[in-house]
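For reference, the structure discussed in these notes is given below.
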Amino acid sequence: MSRARPTVTAAATAFLAGFVTLAAQTPITAPSNKYSVADDVKLGQQAAQEVRQQMPIMHDDAVNGYLADIGDRLVAAIPPEFRHPEFRYSFTGVNLKEINAFALPGGPMFVNRGMMERAHTEGEIAGVMAHELSHVALRHGTAQQSKATPYEVGSVAGAIVGAIVGGGWGQVISQGTQFGLGTAFLRFSREYEKQADILGTHIMARAGYDPRDMANVFKTIEQESGPGGPQWLSDHPNPGNRYDYILREASALHVTNATHDTRAFDQIQSHLRTLPPALSSEEAARNAKRGGNTSPDSRPAARVERPSSQYRTFQEGGVFRVQVPDNWQELPGNNVVTFAPQGAYGSVNGTSVFTHGVEIGVARNETHDLNTATSELIDSLRQGNPQLRGGSNASRTTVAGQQGLAVQLSNVSEATGGEERIAVYTTLLGDGTLFYVIGVAPSDEFGTYSGTFSKVVRSIQLAR
Ligand SMILES: [Zn+2]
């Protein structure tokens, strides 16, 4: 059953919906942030431009108009203390079938068609949008950058492309794009997740939506996501008891006569059914490649020189020293350095790739637990590498002279189309940051390379 959407302003809607502010609402404080509000706008606009070039944006007035109606209504309901007049909110549909949505600093928001198709009510779409909007209003993208540990180096600007590639977009192991700074704008800490959930419920209630629909949409995302699991939940991890605290907050907010379903929602779902099916992320990436990329590919060569038995030492900032075969080149990135032989690295579809060698980097994690942090790292790898297999076979090992884990995976190389093996080694640094080494080699050469990877891992000396 649907009800007509009220054609009144958000403030009036909130009034009609019978929203009452009670003292029981959980107070929210935006985290400290060393960036300016203008930085949020600038970084977000740059990233949005990349998104518009790389993703299958929907140029459909019905869809974008519908998203803007919900978005404007939610923006008008942001509590005054979190409003930034400089922000430029925009709401754009993406023709991808996976259930996903993301927002960039300063306001640009993108909602996958799959999200609109598989939501059960307009309230559910509003729920995911209110959550994303809360990350923007609380300036979580740049606040997270402000928390960077002393181990993290590199520029925020360098992270932007990574933010896009990280969203299930990169098809290959790529330097510095899948972890650490690379996904900083999209992948948030559990503390920030809880803040976005709570502020999201306040915004929904003030806009006349039922905050319980935010709990409902998280269930929908879990149930409706295809193989590989929900990308959205990987970028927005459950802080624990998510449904319980959302429902508790919702009951404190006392919204009556809230909007769940609307005629506009039914119309947009019927409209989407008349369009050719949405693309999968993989199809879209293939199309983007055919459509001619702005930067020409420099594909790695098929065969490369075997690892030299002579090693040389590299000092990486004040963070660590490592010894690698002396015929490997050093390729620095953000929060990450790759060592690979000549011919084993290049770019495919605008993404840096390597087929032989090691990537060494650091990744922030909230848990300070090696097992959990390692599986989060592998999850983030899997997002950019849909054909990645394995990862449940972690074994204890010594990494950089301390307790660590080793995990083996297999993948299909985007660069060569061949099977490759991936060895992941992890350990925790003193402040809980995850330190990792990822060794990559084609399956038929892995026998040669696995010994080299072990030697490299054993050689690492962490700064104390
Ligand atoms: Zn989130």
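The values are calculated or read from the model by the stated rules, or taken from the named source; none is laboratory data. Owing to the predicted nature of the structure, the values given are computational and were not obtained by experimental measurement. As a convention, Cβ positions derive from the backbone with ideal geometry for all residues, glycine included, and neighbour counts pool all protein chains shown. SASA here: full protein model, heavy atoms, side chains in, ligands and nucleic acids out. Shrake-Rupley method; radii C 1.70, N 1.55, O 1.52, S 1.80 Å.
Stretching ALA38 away from GLU283 to a fully extended chain increases their span by 84.6 nm, per 0.36 nm per residue minus the current alpha-carbon distance.
Here the spin labels are modelled as points 7 Å beyond Cα on the Cα-Cβ line, and at ASP431 and GLU191 they lie 1.3 nm apart.
A simple spin-label model places pseudo-atoms 7 Å from Cα toward Cβ; at GLU117 and GLN461 they are separated by 5.7 nm. Site pair GLU81 and ASP326 shows an inter-label distance of 6.2 nm when each label is modelled 7 Å from Cα along Cα→Cβ.
At 0.692 mPa s and 37 °C, plugging the Kirkwood radius over alpha-carbon pairs of the range 353-464 into Stokes-Einstein gives what diffusion coefficient in µm²/s? Please list the in-between numbers first.
Working: Rh = 14.1 Å.
D, rounded to a whole number, is 232 µm²/s.
Full extension of the chain between THR372 and GLU419 yields a length gain of 14.2 nm, computed as 0.36 nm times the residue separation minus the alpha carbon distance. Extension gain for LEU275-GLU224 works out to 16.3 nm (0.36 nm per residue, less the C-alpha to C-alpha distance). Only protein atoms count toward the accessible area here, which uses a 1.4 Å probe; on the range 376-453, the carbon and sulfur part of that area reaches 43 percent.
Shown for the range 16-130 is the translational diffusion coefficient from the Stokes-Einstein equation, using the Kirkwood radius over Cα pairs, a temperature of 10 °C and a viscosity of 1.306 mPa s: 102 µm²/s.
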